[in-house]
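J.: Below is a structure I'd like to ask you about.
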Amino acid sequence: MSFSKKYTDLNNPENSLYLTWESGFSNLKVYHQGKLVEIVKDPSALVLGVSIDHPELTTIEITFTDNKSTDLRVRVNGMPYLPEKIATDSHSVNAVVIAFWTLFGFGIIGFGFSYVALQDLIEYPQIKLVLGIDAGFVISYAVAAVFMRKGQKWAYFLGTGMFVLTTLLFVWNTSVGFGFGFGMLAIIILLVRIVFIVYLLRYAKDIMLIERKRTEADKTEVLDDF
């Protein structure tokens, strides 16, 4: 009887690895992009782990997840490759990462306009403080995007929390701080911000479950007939 499983890079699904084996994990075959990479005939080698050199992926490491030899753990250059049912969550991560980079891009543009508009007042400490805080918010989106790409769920809360906070500050500045009131432009900006917040929050559940699913992936055997 033969089995197969697909292992996928959470950050780059195109670099998936297909593993096939017979009962007892004998004759394990590793495929990348349809090409046979390696054959591991003796399953006992998987107890200590097998290291495979690859021209594109560099180093592929395959080992049993525990001493019971019930499932495999796959790493490429030290990064985990997850079973397909776990890796499907990558679309949620990618969507949030794109959102944070988008906020970073608009934040850079907004900071540029603010800096030019306040150039004549830049010598005042209060203005420097405002610009510094603004820059901090913008940088936080980039930090959130980078670490969200690495699967760090705290980055989701950092980026989302910062955007919610800046939205609240926008409401306060528009209605109280600068006293401009909510004109048509301010209303449109606020609506766009609310839509963006809703967009981020819809991925909250998926992001929260990713770490738990990764843990479960090491404990659960998922075998498909080949």
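J.: Give the residue, chosen from 142, 135, 95, 99, that is touching a residue at least 60 places away in the same chain (Cβ under 8 Å), assigned to a helix (DSSP H, G or I) and surrounded by fewer than 18 Cβ atoms within 10 Å (Cβ to Cβ).
T.: Selected residue: 95, the only one of 142, 135, 95, 99 that is touching a residue at least 60 places away in the same chain (Cβ under 8 Å), assigned to a helix (DSSP H, G or I) and surrounded by fewer than 18 Cβ atoms within 10 Å (Cβ to Cβ).
J.: Is it fair to say residue 59 is surrounded by fewer than 13 Cβ atoms within 10 Å (Cβ to Cβ), under 30 Å from residue 207 (Cβ atoms) and at pLDDT 90 or above?
T.: Here the answer is yes, as residue 59 does meet what is asked.
J.: So if I check each of 162, 148, which one is touching a Ser or Thr at 6+ places or on another chain (Cβ under 6 Å) and either under 19 Å from residue 195 (Cα atoms) or surrounded by 13 or more Cβ atoms within 10 Å (Cβ to Cβ) (or both)?
T.: That would be 162, the only listed residue that is touching a Ser or Thr at 6+ places or on another chain (Cβ under 6 Å) and either under 19 Å from residue 195 (Cα atoms) or surrounded by 13 or more Cβ atoms within 10 Å (Cβ to Cβ) (or both).
J.: Tell me, which residue of segment 102-132 that is aromatic (Phe, Trp, Tyr) and touching a residue at least 12 places away in the same chain (Cβ under 8 Å) is nearest to residue 193 (Cα to Cα)?
T.: Out of the qualifying residues, it is 104.
J.: Which condition number does residue 151 fail, the rest of (1) closer than 30 Å to residue 13 by Cα; (2) touching an Asp or Glu at 6+ places or on another chain (Cβ under 9 Å); (3) assigned to a helix (DSSP H, G or I) being met?
T.: Unmet condition: (3).
J.: Now, a different point. I'd like to check something: does segment 33-53 contain any residue that is under 28 Å from residue 146 (Cα atoms), crowded, with 17+ Cβ neighbours inside 10 Å and modelled with pLDDT of 80 or more?
T.: no
The values are calculated or read from the model by the stated rules, or taken from the named source; none is laboratory data. Computed from a predicted structure; not experimentally measured. Please note: Cβ atoms are built from the backbone with ideal geometry, for glycine as well, and neighbour counts cover all protein chains shown.
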